[in-house]
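One structure is given below, encoded as structure tokens.
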Amino acid sequence: MAVNFLYPEYEAVRNADRCIVCRACERQCANGAHEYLPDGGRMACDDARCVNCHRCVSLCPTRALKIVRSGNTYKENSNWTGETINELYKQAGSGGVLLSGMGNPKNYPVYFDKILLNASQVTNPSIDPLREPMETRVVLGAKPRSIERDENGKLKNNLPPRLSLSMPVMFSAMSYGSLSYNAHESLARAAEELGILYNTGEGGLHENLYRYGANTIVQVASGRFGVHPQYLNSGAAIEIKMGQGAKPGIGGHLPGTKIVGDISRTRMIPEGSDAISPAPHHDIYSIEDLRQLVYSLKEASGYQKPVIVKIAAVHNVAAIASGIARSGADILAIDGFRGGTGAAPTRMRDHVGIPIELALAGVDTRLRDEGIRDRVSIVVGGSIRSSADLVKAVALGADCVYIGTGALLAMGCHLCRTCYAGKCNWGIATQIPELVKRLNPDIGYMRLVNLLTAWRHEIKEMMGGMGINSIESLKGNRLMLRGVGLNEKELEILGIQHAGE
Amino acid sequence: MRREGDIRIPSGCAISGIIDKSGRRMSGETIIRSIAVMHDRSNGLGGGFAAYGIYPEYKDYYALHIFYDSVPAKKECEDFLERHFDIINLSKIPTRKMKEITDEPLIWRYFVTPLPTKLADSQLEEREFTAKCVFRINTRIGGAYIFSGGKNMGVFKAVGFPEDVGRFYRLEEYEGWCFTAHGRYPTNTPGWWGGAHPFALLDYSVVHNGEISSYDANRRAIEMYGYTCTLQTDTEVITYIIDYLHRKQGLTFREIASVIAAPFWQTIGRMAPEEREVHEYLRVMFSAQLITGPFSILVGFEGGLMALNDRLKLRSMVVGEKGDTVYIASEEAAIRAVEPDLDTVWAPRGGQPVILCLNGGEARWR
């Protein structure tokens, strides 16, 4: 039916004068958008197949290709936008739930962009990180209420197990299966070199990567895929995933087409079977059940590993955080509504959850009001896009941040948001061997190291400007922040003053 | 113009301190002469002194020094004190009328001890009970402000140049074994005496020169433990941190110095294993009490005095010694003015605490 036809939103424009018909674009496109026309001895492109991943654009040797907005438009309507109309047509045609990849792209406020940082002038000096030590090391974990001494008055080390990071960043949970082996290897090696941690996600841990255990967080999610005693004891910490910012309230679904070979083995499920993670953990229907899982995992790992509980930022996140802080968890991870994913129902991704800036500020304030902020460290993600976002998050009260989308971009992702199709032309979110090998782990790992090395320099510059030489003194230091263009309520929730005050 | 506490006001400053480690008492005259030398480091908007060992006849009683804005505030505060304490003695604090010091509030002094029944009911230790009462009055009774509340010590402060403040309070008539002094250079014009320094809680008093960059991190962390920062000043939050670490956690002053002016991780990494373990522990356990940005502080306490610079030494501080007497000041001139013939003069390194205890005593841990 003609109504099923949706004009492509983007089109590949080829400059015929530059094109040498090398057919590189054709070979690079897993979606089959480019085609060689032998009759005319020229290339053609089916824009309807193009996902706008820029693989062909990047590899075209003569810069003959570019992707532009097609410009085709319905009669303009602020209420019924073209996107809204197209989505409705798709559902009327298929009867299905709309699926999307990556984080919420909608035009909601990005509070990080409405917060400004301070710098020292006159009354105290800024500090030059090239001349003076500038400390970015953080230690995550719970703290005891008071010190203890032995009979000689010597301080006892009564700190529970903790994580020590060279800088307050970790790679957030992205499973082997949703990501390629090469992507996982890149993350693991980069974490080791940087002195930080990466997170297995709910896909188990490939046996080759056990050697990076000291830099690995192993995740336990509602499907419990790949969980066994050796796995739990192989990492530096264990994360219980209760929720994800991209799709709060629902579980996950890795299609059977991705459950092949080592992935099937690592997840401990048969090849070709769909890996379905239920929406809730079916042994956790309330906070007291969570406490039992926290302690089950601590028992299983001999009380040697900190336990992280990851939740999505939802309306009552502060109350949930308060419960988690008393559950025995050592670290609380909060994922904002802009957090990424390989696949999520579009409506969940775009309409459920709250911004991480507000969730973080609310949780930090609440835990301090209750006098229990010391009981957990707070890690936030979804989404931290730059070192400036990171610095603002720490000043709002975070101990550390998680980056996922940013790490994928460093490895080559162009944010085409089609991960769920499994045909990632950049070799990241795919299991097709010829695509996977496009991501060279030697290069992927190096680019991740470069990214965070650059961030570390920037963080030090910003801290130095504020006259702060240890990131610990930035944590929760909201006096270093000012809002611009925010209303009184937003400022109150963020716990900051407006610029000019 | 908003009053101190409603707004955060950064200040530059001068500090000076003198302690006789043998416990021999000296007149307050010396400290006035010392701080007067650094006249240009303050701007006439705040000065004050802390004096230890000045009330030997009442040494077992808390000496409360209180500013009142009005007679009704005094009445309300005294009613509260009578319900919670046995008041052994009360009087106006003697002052001298002088043209340099104006707009003085009512300034009263009470020697008190907690009522045994009230204390027992509260299930608190005596000092905690007293501290809680001080917080209660300062936050709940408008127009009453307790600015000193330790045993055998007292704070004297006002809006004015420090040497004038000393004369105003007739400090030369007091004798103590330790004095500290502060001249303030705030970046506004506060009209309130409570904003002057030293800041004190129980027998802890702090004079501070600097502007710390960790302020809000420190404030929000310490407020979790039952402290209320009403003045928004560095000195206030530093005092609470010291009270928390010393009285509540039981750290020694040397350990406290390792917390608030912690050695850099790279320095810790070079230490011998046993020492490294202690410093790592303190940095992790009390990371929110690390203070960054420039500071030089003198911390008076029951039985001694600690001087400490920030770990980069972003503020000047000099120590001079003569026999049992130790002088510490922002400038060497302030020491030379009162003791030209010193045995030694030296500048402590950033983060290196100078801890001076009476009669060779050690700063206690619980």
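The values are calculated or read from the model by the stated rules, or taken from the named source; none is laboratory data. These numbers were taken from a predicted model, which means no experiment stands behind them. Backbone-built Cβ (ideal geometry, glycine too); neighbour counts: all protein chains shown. Side chains are part of the model used for accessible areas, which takes the heavy atoms of the whole protein and leaves out ligands, DNA and RNA. Shrake-Rupley method; radii C 1.70, N 1.55, O 1.52, S 1.80 Å.
Of everything in segment A:69-81 that is without any contact (Cβ under 8 Å) to a residue 40 or more places away in the chain and not β-branched (Val, Ile, Thr), the residue that is farthest from residue A:341 (Cα to Cα) is A:75. Take residue B:212 and decide whether it is within 14 Å of chain A (Cβ to nearest Cβ), crowded, with 24+ Cβ neighbours inside 10 Å and of a type outside the set (Asp, Glu). Taking the combined requirement at face value, the residue satisfies it. Does segment A:98-110 contain at least one residue that is surrounded by fewer than 16 Cβ atoms within 10 Å (Cβ to Cβ), among the aliphatic types (A, V, I, L, M) and more than 25 Å from residue A:4 (Cα to Cα)? Looking for residues that are surrounded by fewer than 16 Cβ atoms within 10 Å (Cβ to Cβ), among the aliphatic types (A, V, I, L, M) and more than 25 Å from residue A:4 (Cα to Cα), one finds at least one in segment A:98-110, hence yes. Residues that are open to solvent by 10 Å² or more (accessible area, probe 1.4 Å), part of a helix (DSSP H, G or I) and within 13 Å of chain A (Cβ to nearest Cβ) do not occur anywhere in segment B:330-345. Note on segment A:93-135: residues that are more than 19 Å from residue A:387 (Cα to Cα), of a type in the set (Val, Ile, Thr) and in contact (Cβ under 8 Å) with a residue 12 or more places away in the chain amount to 1. I'm trying to understand the selection: among the residues of segment B:250-285, which are at the interface with chain A (Cβ under 9 Å from one of its Cβ atoms), out of contact with any Ser or Thr (no Cβ under 7 Å at 6 or more places or on another chain) and closer than 14 Å to residue A:472 by Cβ? Correct list: B:262, B:264, B:265, B:280, B:283, B:284, B:285. Does residue B:237 qualify as being within 12 Å of chain A (Cβ to nearest Cβ) and in contact with a Lys or Arg (Cβ under 7 Å, 6 or more places away or on another chain)? The answer is yes for residue B:237.
I'd like to check something: does segment A:157-164 contain any residue that is open to solvent by 30 Å² or more (accessible area, probe 1.4 Å), closer than 21 Å to residue B:210 by Cβ and of a type outside the set (Phe, Trp, Tyr)? Scanning segment A:157-164 turns up no residue that is open to solvent by 30 Å² or more (accessible area, probe 1.4 Å), closer than 21 Å to residue B:210 by Cβ and of a type outside the set (Phe, Trp, Tyr). Just so you know, in segment B:125-145 the residues that are among the aliphatic types (A, V, I, L, M) and open to solvent by less than 10 Å² (accessible area, probe 1.4 Å) include one that is nearest to the chain's Cα centre (by Cα), and it is B:131.
Contact map, segment B:196-225: first residue in a strand (DSSP E or B), second residue among the small types (Gly, Ala, Ser), Cβ cut-off under 6 Å, separation 6 or more or different chains; pairs are B:200/B:148; B:205/B:50; B:205/B:300; B:209/B:296; B:209/B:330. With in a loop (DSSP other than H, G, I, E, B) and either within 14 Å of another protein chain (Cβ to nearest Cβ) or open to solvent by 80 Å² or more (accessible area, probe 1.4 Å) (or both) as the only criterion, which of A:27, A:63 stands out? Answer to the selection: A:63.
Residues of segment B:251-271 that are β-branched (Val, Ile, Thr) and either without any contact (Cβ under 8 Å) to a residue 12 or more places away in the chain or in a helix (DSSP H, G or I) (or both): B:256, B:259, B:260, B:267, B:268. What's the total number of residues in segment A:66-84 that are of a type in the set (Lys, Arg) and either loosely packed, with under 13 Cβ neighbours inside 10 Å or assigned to a loop (DSSP other than H, G, I, E, B) (or both)? Within segment A:66-84, residues that are of a type in the set (Lys, Arg) and either loosely packed, with under 13 Cβ neighbours inside 10 Å or assigned to a loop (DSSP other than H, G, I, E, B) (or both) number 2.
Of the residues screened, residue B:319 is not one that is in contact (Cβ under 8 Å) with a residue 40 or more places away in the chain and under 17 Å from residue B:21 (Cα atoms).
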